[in-house]
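Readers should treat all values here as calculations from the given coordinates under stated rules, not as data from a laboratory. What you see is a predicted model; the values in this text were computed from it and never measured. Note: ideal-geometry Cβ built from the backbone for every residue, glycine included; neighbour counts use all protein chains shown.
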Amino acid sequence: MTKKEIVKQISERLGMTQLKTKEIVQQTFDAIVDTLLEDGRIELRNFGVFEVKQRKARKARNPKTGDKVFVPPKNVVTFKPGKEMEERVRKLTHLPQLPPLKDEQEAAVKAPSPHSNVAANGEPEKPRKRSRPRKTT
């Protein structure tokens, strides 16, 4: 669901114009972001808690080259759902179907899946050899 769809749904429920509803929704999102920037945490009862946390610095590996890379610490936003949301989600009998993103739709039309064993010409691909030997411990 997009912000536009949320605005449409709320405006229909409240009988307000979409323009006014969009302004209210945007102001709500802005207030959440501003509170996170100022306080680092916002608790919305029966919904959940947004919190700014710092990820530690770490060593990573570039998957293309295999080179070790230093990843500096960074701030991330975490979300912990509230009890009411958790309970309602647990009661779901089926997982809602998510529509593919526009980029994914275009990629699916242009090229076969990177995980498929079929080449672009329709013939089966040969398995690729690993460029580096596996580590054994």
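Values as computed for the structure displayed
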read-out	value
Charge context of N46, other residues only, Cβ under 11 angstrom, K/R +1, D/E -1	-1
Histogram of C-alpha separations across the range 28-99, 5 Å bin width, %	3, 13, 14, 14, 13, 13, 13, 11, 5, 1
Estimated inter-spin distance, R61 and K102, nm [label 7 Å along Cα→Cβ]	3.7 nm
Difference of contour (0.36 nm per residue) and Cα-Cα distance, V33 to F47	3.4 nm
Sparse-neighbourhood loop sites, chymotrypsin sites (Phe, Trp or Tyr not before Pro) in the range 1-69 - DSSP loop, at most 16 other Cβ within 10 angstrom	F47
